[in-house]
Amino acid sequence: MDRSIGLQNLRPGETAVVESLNSSGALRRRLLDMGLVEGTRVECLGLSPAGDPRAFLIRGAMLAIRSGDCRDIIVNKV
């Protein structure tokens, strides 16, 4: 069963593992530098009041990622 979704579909409290990054260029490099590599566990901590950006726990750090950028991060729910 394929459980692949875009990172923007995680709800607060849900956890997933990074499957792939579909972005390119500087954005891809920045996401990789933040630790979003294949196999990384990601937990959605919450949304801003307007719903964008979203807060995630990644490798022990809380990071805010815009919803548009989350669409390029493919994850599998745990």
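The values are calculated or read from the model by the stated rules, or taken from the named source; none is laboratory data. Remember, predicted model here, so these are calculated numbers, not experimental data. Positions of Cβ are generated from backbone atoms using ideal geometry, with glycine treated the same way; all protein chains shown enter the neighbour counts. Note: areas computed on protein heavy atoms with side chains; ligands, DNA, RNA excluded. Shrake-Rupley method; radii C 1.70, N 1.55, O 1.52, S 1.80 Å.
What the table shows:
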quantity	calculated
Charged-residue dipole, Cβ positions (Lys, Arg, Asp, Glu), the range 10-56 about Cα centre, Debye nearest 20	140
Accessible heavy-atom area order of VAL42, VAL37, highest first, probe of 1.4 Å	VAL37, VAL42
Solvent exposure of the chain as accessible area per residue, Å², 1.4 Å probe	59
Carbon plus sulfur fraction of accessible area for the chain, probe 1.4 Å, in percent	48
CD proxy at 222 nm, helix term only [per DSSP H run n ≥ 4: -39500 (n - 2.57); per residue of the chain; nearest 500]	-4000 deg cm²/dmol
Values of log10 I(q)/I(0), in the order q = 0.12, 0.17, 0.19 Å⁻¹, for the chain under a Debye, Cα-only, solvent-free model	-0.27, -0.56, -0.70
Relative contact order for the chain, counting Cα pairs under 8 Å that sit 6 or more residues apart, in percent	45
Of the GluC sites (Glu not before Pro) in the chain, those whose Cβ has at most 16 other Cβ within 10 Å and which sit in DSSP loop	GLU14, GLU38
